[in-house]
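One structure below.
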Amino acid sequence: MFKKFSAKESVAAYGVAKASKQREVRAFLLKSGGIDNKALDILLPPNKPISVARCHEHVSLLTIDNKPRFFQVREGPFIPTLRILHRYPNILPHVQVDRGAIKHILGGADVMCRGLTTPGAELSEFNEGAYVAIHAEGKQNALGVGISKMSSADIKKINSGVGIELLHYLGDALWKTDTLAT
C-alpha cells in the first residue's frame, strides 16, 4: 500500500483533525487494551494540534508535528504506524511468521497461511478483518502491519492462500517518511 508513497505527490489535502476523529483514535487505542491513559496522552498529546493528510488510494494519515502516527484505509479505524508499534507493541494482536517469510514481507508481499502455520510461527486469536502486527521469528519488533483475510482458526484449518494482506512494512515509503511537508 505504501510501497510507492511520496509525501509530496501522494498527499492530496491536509487539514486539522476534527475532535470526533481524535476521540475515535483514542477510543480505538484504549479498546485495544495495549495502552493506558498515561501512554495515550504521550502518544496523542491533548495540547498539540492533530492533522489529517488525505492521500491517494483512499488513505488518510493522522499526524502530530507533521510526523505520521496513524493511517486509515477507506473508512476503517486509524491503525498505528510501525514507529508507534515499536514503542507500544501491544496495541494490535500479534502474529509471528517463520524465518522464510521475512524477506518476502520486507519486499511487500502478503503473508501466506503457510508462513503462519509452520514451526517457528505463532498465531494469536483474531477474527477476519482484524488488524494485526506482524512479527518475525527471533525478532523483537514488528516488521509489518496487515489486515487478516480470514480468522486465525481458518488460517490453521485451510492453511492455503493469503492469510494477511500487508498494509505497511519496514522499508516501505511510509517507514522512510519522517515528516510530511504542509
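The values are calculated or read from the model by the stated rules, or taken from the named source; none is laboratory data. What you see is a predicted model; the values in this text were computed from it and never measured. Counting neighbours? That spans all protein chains shown, and the Cβs are built from the backbone with ideal geometry, glycine included.
Tabulated data
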{"quantity": "Top-ranked residue in region 19-62 [being in contact with a strand residue (DSSP E or B) (Cβ under 8 Å, 6 or more places away or on another chain) and assigned to a loop (DSSP other than H, G, I, E, B); ranked as surrounded by the most Cβ atoms within 10 Å (Cβ to Cβ)]", "calculated": "Leu44"}
{"quantity": "When residues of region 125-135 are limited to those that are under 14 Å from the mean Cα position of the chain (by Cα) and among the hydrophobic types (A, V, I, L, M, F, W, C), the one surrounded by the fewest Cβ atoms within 10 Å (Cβ to Cβ)", "calculated": "Ala130"}
{"quantity": "Residue tally, condition over 17 Å from Ile91 (Cα atoms) and modelled with pLDDT of 95 or more, over region 114-135", "calculated": "1"}
{"quantity": "Residues of region 109-119 satisfying the condition of being surrounded by fewer than 21 Cβ atoms within 10 Å (Cβ to Cβ) and more than 16 Å from the chain's Cα centre (by Cα)", "calculated": "Met112, Arg114, Thr117, Thr118, Pro119"}
{"quantity": "Those residues of region 93-108 which are crowded, with 17+ Cβ neighbours inside 10 Å and within 16 Å of Leu174 (Cβ to Cβ), in sequence order", "calculated": "Ile105"}
{"quantity": "Scan of region 100-122 for residues that are farther than 16 Å from Val145 by Cβ and outside any helix (DSSP H, G or I), ordered by number", "calculated": "Met112, Cys113, Thr118, Pro119, Gly120, Ala121, Glu122"}
{"quantity": "Output for region 136-182, where each listed residue is part of a helix (DSSP H, G or I) and surrounded by fewer than 19 Cβ atoms within 10 Å (Cβ to Cβ)", "calculated": "Ala153, Asp154, Lys156, Lys157, Ile158, Ala173, Trp175, Lys176"}
{"quantity": "Residue in region 11-18 that is in a loop (DSSP other than H, G, I, E, B), more than 17 Å from Asp172 (Cβ to Cβ) and at pLDDT 85 or above present", "calculated": "no"}
{"quantity": "Boolean, Glu122 is loosely packed, with under 15 Cβ neighbours inside 10 Å and out of contact with any Leu (no Cβ under 9 Å at 6 or more places or on another chain)", "calculated": "no"}
{"quantity": "Subset tally (residues that are touching a Leu at 6+ places or on another chain (Cβ under 7 Å) and under 19 Å from Ile91 (Cα atoms)) for region 39-60", "calculated": "1"}
